[in-house]
Amino acid sequence: MRFSTMAATVSVAALMTAAVVAQAPAGGGQRGAGAQAPAPPPMRLTSTSFADGAQIPPKYTQAGNQTSPQLTWVNAPAATQSFVLHMHDMEGSRNKTSEDQLHWLVWNVPASTTSFPEGMPMGADLPDGSHQTSASGSGTYRGPGAPANGPLHHYVLEIFALDNKLDVANNAADPFDTRGKILAAMQGHIVGKAVYLGLFHRPE
């Protein structure tokens, strides 16, 4: 009787093991039906003009000839319909308000665009259908210009990927009004973002 009981126990265990093996996914994988796909890589913004977090060379500033820097961005989401570039001085306070200084704003950049060359052409309306402005006036890049007798200012370049194009006109008389309307129109449409930082104050 004891041998029969042991044999029966072994047979039941063998059957349970076979059932578990039969239900296991092919290849021994652990992913179930509800497993999520890996997250896509984040957007990245880079430049050959200066390193991220480094001081900006005079060439790209008001101490030089205010050439706009080269920029490249990657890993834009598939839903991207346009880009907005926003460059601003974090320390620059405008008219005693919380609004900072506007150095470059480019919007409705085509989704197929992945870079800006060094020295972007001037003009409020660019050939690819995008538009640009800054505190220096419609259609211009404004180079950093923090005073020499103060600390290094933080100049932030942000690239936003949007799932639409913006229907915002360029107010040539007030670039800050244009920026306010652009930033408001972007809300609810940002599908990706990347940031790059440069430091500057004028030479002593």
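Here are the numbers for the structure shown:
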read-out: Condition met for Glu91 (part of a loop (DSSP other than H, G, I, E, B) and surrounded by 14 or more Cβ atoms within 10 Å (Cβ to Cβ)); value: no
read-out: Subset of the stretch 94-111 that is more than 18 Å from Gln132 (Cβ to Cβ) and touching a helix residue (DSSP H, G or I) at 6+ places or on another chain (Cβ under 8 Å) - its residue that is modelled with the lowest pLDDT; value: Arg94
read-out: Any hit, the stretch 169-182, residues being touching a Leu at 6+ places or on another chain (Cβ under 9 Å), closer than 17 Å to Trp73 by Cα and not hydrophobic (A, V, I, L, M, F, W, C); value: no
read-out: Hits in the stretch 72-88 (condition: in contact (Cβ under 8 Å) with a residue 40 or more places away in the chain and either assigned to a loop (DSSP other than H, G, I, E, B) or among the hydroxyl-bearing types (Ser, Thr, Tyr) (or both)); value: Thr72, Asn75, Ala76, Pro77, Ala79, Thr80, Gln81, Ser82
read-out: From Leu152, Leu166, Leu197, residue being under 19 Å from Thr61 (Cβ atoms), surrounded by 16 or more Cβ atoms within 10 Å (Cβ to Cβ) and in contact with a strand residue (DSSP E or B) (Cβ under 8 Å, 6 or more places away or on another chain); value: Leu197
read-out: Every residue from the stretch 83-124 that is among the small types (Gly, Ala, Ser) and farther than 16 Å from Pro69 by Cβ; value: Gly92, Ser93, Ser98, Ala111, Ser112, Gly123, Ala124
read-out: When residues of the stretch 94-143 are limited to those that are in contact with a Ser or Thr (Cβ under 7 Å, 6 or more places away or on another chain), assigned to a loop (DSSP other than H, G, I, E, B) and β-branched (Val, Ile, Thr), the one surrounded by the fewest Cβ atoms within 10 Å (Cβ to Cβ); value: Thr114
read-out: Any hit, the stretch 170-193, residues being aliphatic (A, V, I, L, M) and in a loop (DSSP other than H, G, I, E, B); value: yes
read-out: Of the criteria (1) modelled with pLDDT of 95 or more; (2) exposed (fewer than 14 other Cβ atoms within 10 Å of the Cβ); (3) at negative phi, which one Pro69 fails; value: (2)
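The values are calculated or read from the model by the stated rules, or taken from the named source; none is laboratory data. As the structure is a computational prediction, the values presented were derived from the model and not from experiment. Backbone-built Cβ (ideal geometry, glycine too); neighbour counts: all protein chains shown.
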